[in-house]
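Comments concern the structure below.
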Amino acid sequence: MMRFLLPLAVFIVLVVFLGIGLTLNPRQVPSPLIDKPAPVFELQQLHDPSKTLASQDNMGKVWMLNVWASWCVACRDEHPLLVQLAKLGIVPIYGLNYKDERSTAIQWLKQYGDPYAVSIIDADGKVGIDYGVYGVPETYVIDKKGIIRYKHIGPVTVKSLEDKILPLIKELQG
Amino acid sequence: MNYLNSHFLSSWQMSLVFILVFFVQISFANEAIPVAEDPILEKRLIELSENLRCLVCQNESLAGSRADFANDLRREIREQMKANKSDEEIIDFLVARYGDFVLYNPPFKPTTILLWLGPILLFLGAILALVLYLRRRRSLVFEEPQQLSESQQLEAETLIRKIEKE
């Protein structure tokens, strides 16, 4: 009896571990920046480069930072959702235009809609590195004290909005 | 002369072919990457980034990856090296932003204990299993061989005969 039970037990344990492994996404690297102060930046605004936006300007309110680019195909997936979210007026979304051409970026927003309170230009991706960006789109939820509370890697989906992001924002605004 | 119909090329024709092939290959090769301004710094950069993971193409090191992201990080590291930052400071900078995942050599801490000790545990477990197995086998080997009954003897003989026929 043991002869069969032991290999079977080993097999089942292996299957369970591999099964768990299949549900994990190796591209979703947990960010060490969660619950840490959002990296400070001061960047030119996309629509009016003579003006800047600094991260401290958003102190005292809950806000979302969405990293996007006109060359990013996955950004097109989430974009209608962001436009919808912006219309609801629950939370201001700021766009970090990551390693992009200014004119194409503006054109892109004209074509697909502009959900951003302000978009800022990160032409060389320096602020992106500070935020640990490695794949666009990425979305951060930052609280009133300027602490990063959540990071979403990849396109925002209805499910991630309803399950995670919106309840968290409500709680933070509370 | 029709090359297609001639079966043998003379030696000078052969060398011409070789030279042509050689030049064609050269023209297909990539353009040379400009030599770094500071070879010592570049060597340090490669040594450091060989132990760092490119997060976009996760099985490649930061040194070997041609992804845009790896390029950016290499540039960042290069700048920090020029600013006289030590390797430790640069690694801390990257870990603070991308987590331990960027390190191919993860630190020893509670969340990585299984990672570090797992192989040793597996090895010890395998040794234990081997020892138990060998002991059991020895006790089996040294047991008195069982005498076959008459019918078993007969069965064995027919089987052997059957095999020999085939």
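Some notes on this structure:
- Exposure proxy ranking for A:83, B:131, A:141, A:133, based on other Cβ atoms within 10 angstrom of each Cβ and starting from the fewest, stands as B:131, A:83, A:141, A:133.
- A:50, B:49 arranged by Cβ crowding within 10 Å, fewest neighbours leading: A:50, B:49
- Of A:25, B:149, A:115, farthest towards positive along the dipole that unit charges on Lys, Arg, Asp, Glu beta carbons give the protein assembly as shown: B:149
- Residue A:166-residue B:41 FRET efficiency (beta carbon distance; Förster radius 41 Å; 0.05 resolution): 0.30
- Bridging of residue A:36 to lysines at a Cα separation below 24 Å is possible for A:61, A:126, A:144, A:145, A:151, A:164, A:170, B:85, B:109, once same-chain residues fewer than 8 apart are set aside.
- Exposure proxy for A:91, A:67, B:141, A:156: other Cβ atoms within 10 Å of each Cβ, ordered fewest to most, give B:141, A:91, A:156, A:67.
- Net +/- balance of residues flanking residue B:61 in space, Cβ distance below 13 Å, scoring K and R +1, D and E -1: 0
- Share of pairwise Cα separations in segment B:39-107, more than 17 Å, in percent: 32
- Positive-end extreme of charge dipole, segment B:39-107 - chosen from B:73, B:84, B:39 (charges on Cβ): B:39
- Karplus-derived HN-Hα couplings along segment B:124-133 (A = 6.51, B = -1.76, C = 1.60, θ = phi - 60°), whole Hz, x at Gly and Pro: 4, x, 5, 4, 4, 4, 5, 4, 4, 5
- Dipole magnitude for segment A:35-173: computed about the Cα centre from +1 point charges on Lys and Arg Cβ and -1 point charges on Asp and Glu Cβ, it is near 260 debye.
- Were the residues from residue B:13 through residue B:116 laid out at 0.36 nm apart, the gain over their Cα-Cα distance would be 30.9 nm.
- Simple Cβ-charge dipole of segment B:111-165, Lys/Arg +1 and Asp/Glu -1, about Cα centre, in debye nearest 20: 280
- Whole-angstrom Cα spans of segment A:35-173 along principal axes, big to small: 38, 28, 26
- Those chymotrypsin sites (Phe, Trp or Tyr not before Pro) in segment B:91-166 that DSSP places in a loop and that have at most 16 other beta carbons within 10 Å: B:104, B:108, B:142
- Prolate/oblate/rounded label for the protein assembly as shown (Cα gyration tensor, a/c 1.5): oblate
- For segment A:63-162, trypsin sites (Lys or Arg not before Pro) are listed when DSSP marks them as loop and at most 16 other Cβ atoms sit within 10 Å of their Cβ; the list is A:144, A:145.
No value in this document is a laboratory result; all are computed from the given coordinates. Computed from a predicted model, the values in this text were never measured in an experiment. Counting neighbours? That spans all protein chains shown, and the Cβs are built from the backbone with ideal geometry, glycine included.
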